[in-house]
């Protein structure tokens, strides 16, 4: 459980970084984008594992972010 809390704290810092001065992003949107990014990373890891490590992780990341990109209105 302590490991999960460390991971959550890390991603919370990422979300806070998205709200730095000069960035027009409210806390809700920053949290949503951070959650979407972690979901993409999780899916990439799962797919890469399913392939026995034979799938190109960079291509999977590109594919994953392409799927969530239409939901980001900017």
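Readers should treat all values here as calculations from the given coordinates under stated rules, not as data from a laboratory. None of these values were measured; they are calculated from a predicted model. Note: ideal-geometry Cβ built from the backbone for every residue, glycine included; neighbour counts use all protein chains shown.
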| Pairwise label distance in nanometres, residue 5 with residue 25, each label 7 Å out on the Cα-Cβ vector | 2.7
| task | Find the relative contact order for the chain and round it to a whole percent, using C-alpha pairs within less than 8 Å whose residues are 6+ positions apart. | result | 21
| query | So what is the calculated 222 nm ellipticity per residue for the chain, using -39500 (n - 2.57) for each DSSP H run with n of 4 or more, over all residues, to the nearest 500 deg cm²/dmol? | reply | -24000 deg cm²/dmol
| residue 54-residue 17 pseudo-label distance in nm [points 7 Å out on the Cα-to-Cβ vector] | 3.5
| remark: If one compares the long axis through the Cα atoms of helix 27-50 with the longest principal axis of the Cα atoms of the chain, the angle in degrees, nearest 10, works out at 10
| said: How tilted is helix 57-68 with respect to the longest principal axis of the chain? Cα atoms for both, answer in degrees (0 to 90, nearest 10). | reply: 50
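If you stretched the chain out fully between residue 41 and residue 66, how much longer would it get, using 0.36 nm times the residue separation minus the C-alpha to C-alpha distance?
7.7 nm
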| task | Calculate how steeply helix 2-18 sits against the longest principal axis of the alpha-carbon atoms of the chain, using the helix alpha-carbon long axis, and give the answer as 0 to 90 degrees to the nearest 10. | result | 60
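Per residue, how big is the convex hull around the C-alpha atoms of the range 2-71? Give it to me in cubic angstrom, could you? Before the final figure, lay out the partial values.
Details: hull volume 6.8 nm³, N = 70.
Value for the range 2-71: 98 Å³ per residue.
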